[in-house]
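Read-outs: derived from the displayed coordinates by stated rules, not from any lab. The structure displayed is predicted, hence computed values, not measured ones. No Cβ is skipped: glycine too gets one built from the backbone with ideal geometry, and neighbour counts run over all protein chains shown.
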Amino acid sequence: MSGPVIVAVDDDAAALRDVERELRDRYGRHYRVMCLPSPHEARASLENLAAAGDEVALVLAGQRLSEMSGSELLDEARHLHPHSKRGLLIAWGDWGDRATGEAIFDSIAHGRVDHYVLRPAASPDELFHQAISSLLLEWSEAQRALPNTIYVVGESWSGRAYELRDLLERCAFPHAFCLADSNDGRALVAEAGEGAKLPLVVMPDGTVLMDPSNADLTRAAGSPVDPEGTDFDLVIVGAGPAGLSAAVYGASEGFGTLVVDQGGLGGQATSSSLIRNYLGFPRGVSGRRLAQQAHEQAWVFGANFAFMQKATELRREHDGLSIALSDCGRVSARAVLLATGASYRRLGVPALEALNGAGVFYGGTTAEAPAMAGQHVYVLGGANSAGQAALHLARYARRVTLVVRAQALGAGMSDYLVRQVEATSNLEVRLGTEIVGGGGDGWLEHLVLRDRAEGREQTVDADGLFLMIGARPHTGWLPAEIDRDAEGFVLTGTDLRDRPAWRLDRSPFLLETSMPGVFAAGDVRHGSVKRVASAVGEGSVAIQLLHRLFAADRLHPRGRPKEPAVRAGG
Ligand SMILES: Cc1cc2nc3c(=O)[nH]c(=O)nc-3n(C[C@H](O)[C@H](O)[C@H](O)COP(=O)(O)OP(=O)(O)OC[C@H]3O[C@@H](n4cnc5c(N)ncnc54)[C@H](O)[C@@H]3O)c2cc1C
């Protein structure tokens, strides 16, 4: 039989029998199941499969094997079959064993193993199958072999075909690309019929679009572009994690909610292939999947969405707020949530971009720092954020190297931070240096540094790289009334204390901006944590604040008739 292979190895004969029974019964029709009693045989089979060019979807290995540990074998499997998913088989209760626990943490943290899987118990063991089918789903997602995949056919990988792929990626739609002169591409062009114009998009229901506009493609994929109605309780600008969370809570609590986004779903989170630090996803979750599920959840609660709509203006009109959208006029709302996030400047080194989340991190260090204990990590950046990140990491890492393009640290960093950096013994600074390369096998292993003055390059070992090269908030379109910090991030709540921009005699609510009734959540907010979980948390908190705002209707500017002043909101 052909087809992708599932390999399982365990030298506990009874345990292997149980695994084999469950795998063959449930997956035998679509996968070739190979169950092997020793790591030696498993290694030989994996080598043969690699030599034959066979696709291995999943490798399962018991942790306690006689000749080598399961995690060592899975590490070898990773080299032979880099796309395969790898699960460490453990017995019930094994997690209480210190050595097994450490093997699991270490292997997952370094990308050798995707997750652990409990050996099956009584048949059918649905818990076992849930773990297996999750791993197989992740594998097929990475192979772009999901059902309902949208195909883009183009003459080259770049140009309009690339823009369409990028759009589908941002809308979190499964998609695949074929060159027009490939076998698949020729077949799809032939199916489209005479006069087919490239780039061509073939939808899962067979509809063919020829060189579609962004809006046409979005509509054809079943996503709304035009809002249903013009008057809402709440308009959320941005469908990243903060906006989606606010949409779920806003709609579920009965607010007429519209979410607008200039692109698609998920914001920056969609650039993360595996978010490992989001609550409730011990195996990690791709940003795309998280966004899809959050969108579905908000939609089921009745939230409205309008994609491909950029908010271009916000102003107060009568007692409400009015938002201009790029392609469909204006909508009005009693309250607005700004969840427009920020864009990180990217390093642009493909080998390092590929290790995003696997030793290479953009933005905040809070979540990852403890995992850097005993390691040598690099921080790239010369501003205060980089200095703070380096100091924070130095509390955990064995050694931290701060790589700065400028020739002096004081060029971009506050003096107090410069002094702290200089006084930290395990923190060194490399001035006049940039990062031009690097890589690793599943996890960052090395970086290439270049001396900017002399052009000399040096390859160094590295366990982590934190990129703090600047984030730019999407706030240029906001009115001057919305107070922002020097970098453009929106000030909210207590940040506005003593700022002249706040005009009411009540205090602003926690996430309220200087424009009463307009809130901000997530990365766009000054001082935010720059993480998915905190953006989601802020999105939900914003909705609680709306209840308080609407209950008291405390939007009236000073000088208008109003009820007795209520004590500070936030
Ligand atoms: C490469 C990468 C990897 C990351 N990995 C992790 C990770 O592993 N774990 C983790 O916790 N965090 C991670 N982060 C950080 C995380 O993605 C962000 O903190 C989070 O996405 C912020 O959510 P947000 O909703 O505030 O903003 P965003 O995700 O930035 O979403 C903002 C949305 O607003 C839209 N928008 C902007 N302006 C307008 C406008 N004028 N009109 C209409 N729409 C507009 C944008 O199109 C976008 O969809 C990563 C970030 C990057 C860049």
> What spacing in nm lies between the two simple spin-label points modelled at Ala99 and Trp443, each 7 Å away from Cα in the Cβ direction?
Replying inline: 2.0 nm
> Extension gain Arg29-Glu313, at 0.36 nm per residue separation less the Cα-Cα distance, in nm?
Replying inline: 96.6 nm
>> For a quick check: sort Arg112, Arg405 by the number of other beta carbons within 10 angstrom, fewest at the front.
In response: Arg405, Arg112
>> Can you give me the C-alpha center-to-center distance between the stretch 483-515 and the stretch 216-279, rounded to a whole angstrom?
In response: 25 Å
> What is the spin-label model distance, in nm, from Ser123 to Glu454 if the labels are put 7 Å beyond Cα along the C-beta direction?
Replying inline: 6.8 nm
> So for the chain: antiparallel DSSP bridges make up what percent, rounded to the nearest 5?
Replying inline: 35 percent
> So how strong a dipole does the chain carry about its Cα centre when Lys and Arg Cβ are +1 and Asp and Glu Cβ are -1, to the nearest 20 debye?
Replying inline: 1680 debye
> Taking only C-alpha pairs under 8 Å that are 6+ residues apart, what is the relative contact order of the stretch 514-555 in percent?
Replying inline: 36 percent
> the stretch 333-353 to the stretch 126-164: how many Å between their Cα centroids?
Replying inline: 24 Å
>> Taking the Cα centroid of the stretch 370-387 and of the stretch 1-54, what is the distance between the two, rounded to the nearest whole Å?
In response: 42 Å
>> I want to make sure I understand the PRE zone here: with the label point 7 angstrom from the Cα of Ser414 toward its beta carbon, which residues in the stretch 505-542 have backbone N atoms less than 19 Å away?
In response: 525-530
> With charges only on Cβ, +1 for K and R and -1 for D and E, what is the dipole size of the stretch 234-319 about its Cα centre, in debye, rounded to 20?
Replying inline: 440 debye
> If contacts are Cα pairs under 8 angstrom and at least 6 residues apart, what is the relative contact order of the chain in percent?
Replying inline: 10 percent
> Points 7 angstrom from Cα along the Cβ direction at Thr230 and Asn148: gap in nanometres?
Replying inline: 3.3 nm
> If you place +1 on the Cβ of every Lys and Arg, -1 on the Cβ of every Asp and Glu, and leave all else neutral, what size is the dipole of the stretch 58-123 about its Cα centre, to the nearest 20 Debye?
Replying inline: 200 debye
> By its C-alpha gyration tensor, with a ≥ b ≥ c as the square roots of the eigenvalues, how is the stretch 285-393 shaped: rounded for a/c under 1.5, else prolate for a/b larger than b/c, else oblate?
Replying inline: prolate
